[in-house]
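Throughout, read-outs are computed from the coordinates displayed, never taken from laboratory work. Remember, predicted model here, so these are calculated numbers, not experimental data. Here Cβ is always computed from backbone atoms with ideal geometry, including for glycine, and neighbour counts include all displayed protein chains.
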Amino acid sequence: MKALIFGASGGLATALADSLLARNWKVDLVTRGAKAPAVKQRFASSIAEGRTQVFDISGKYSDFTPTRSYRAYFFPQALFSRAPLAATDDATIEREIEVGLADLIRLTRKLLTLQPTQADTRCDYCFVGSTSAYAGFAHTSVYCAVKHGLLGFVRALNDEYARTDTRFWMFSMGTMNTEMGRKLTEQDPSSFLQPVDVAERIANTICSGSNLFEPEVVIRRRTIRFLEK
């Protein structure tokens, strides 16, 4: 089995790669130039074993063209800024929508074109959502809009490909203990979800040979704690 993970320097992407490698998958990683050396160092052993290749890109993810087919694709990339909408400039709005939604749509179209659906050949497209796809939260209106849009995109594709074995997933979780999650400085990070736990949940779902299909997986925090002021 082979997987391709975009945004490979992120906390969840790294944990996903570890989970799949532990299941004897081959895992290729796509990351941006400045972060490539750290990613290559982190996965040096699996690179040496021929189980991982790191692709270093400088432009948009949709500019990347894989030269092989994969059993699963993972898209954890997104931007997250916190500010009242009235205090958010046009450039920030456009950048969040571009990275978190528009470029993902273009990238998915490219991958579907490069790897046409084949009978009895499973392929999974796994998008990382957020509980923000199901609710609205103050000072994150653009991020919430992006995740709502991504949810609609996944639902539409599952209808479009309903008679195939190409599946589209949206894994939506509460705040994780990652660089993005730690921007919520008013919350106790000990209550954040651990990327390793989330990655295991995703990997177990994708690797299952069952006919069960749960296209929208929501992973919430049982307890949310706030720091005392």
* Per residue and in cubic angstrom, what volume does the convex hull of the Cα atoms of segment 1-120 have? -> 126
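Looking at segment 53-93 from every direction and averaging, what is the projected area of its Cα convex hull in nm²? Walk me through the intermediate numbers first.
Details: hull surface 18.4 nm².
That works out to 4.6 nm², a quarter of the Cα hull's surface.
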* Considering only the other residues whose Cβ falls under 12 Å of the Cβ of TYR134, what net charge follows from Lys and Arg at +1 and Asp and Glu at -1? -> +1
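Multiply the residue separation of TYR161 and ARG220 by 0.36 nm, subtract the distance between their alpha-carbon atoms, and state the gained length in nm to one decimal. Walk me through the numbers on the way to the answer.
Working: separation 59, 0.36 × 59 = 21.24 nm, distance 2.81 nm.
Here the segment from TYR161 to ARG220 would lengthen by 18.4 nm.
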* Which whole-number percentage describes the relative contact order of the chain, with Cα contacts under 8 Å and a sequence gap of 6 or more? -> 20
* **Inter-centroid distance (Cα atoms) of segment 55-111 relative to segment 129-170, Å** => 14
* **Three principal axis lengths of segment 2-219 [C-alpha, angstrom, descending]** => 48, 41, 33
* Reachable aspartates and glutamates from LYS40, Cα under 14 Å, same-chain residues fewer than 8 places away excluded? -> ASP18, ASP28, GLU49, ASP56
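With a cut-off of 8 Å between alpha carbons and a minimum separation of six or more residues, what is the relative contact order of segment 22-118 in percent? Show your work: numbers first, answer last.
Values: 63 pairs, mean separation 25.2, N = 97.
It rounds to 26 percent for segment 22-118.
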* Under Karplus coefficients 6.51, -1.76 and 1.60, residue-wise ³J(HN,Hα) of segment 155-163 in Hz, glycine/proline x -> 4, 5, 5, 5, 6, 5, 10, 4, 8
* Run the numbers on segment 1-68 and let me know its relative contact order in percent, using alpha-carbon pairs under 8 Å that are six or more apart. => 32
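Calculate the FRET efficiency for GLU49 and ARG122 from the Cβ-Cβ distance with a Förster distance of 22 Å, rounded to the nearest 0.05. Let's see the in-between values first.
Numbers: r = 25 Å, r/R0 = 1.14.
Approximately 0.30, to the nearest 0.05.
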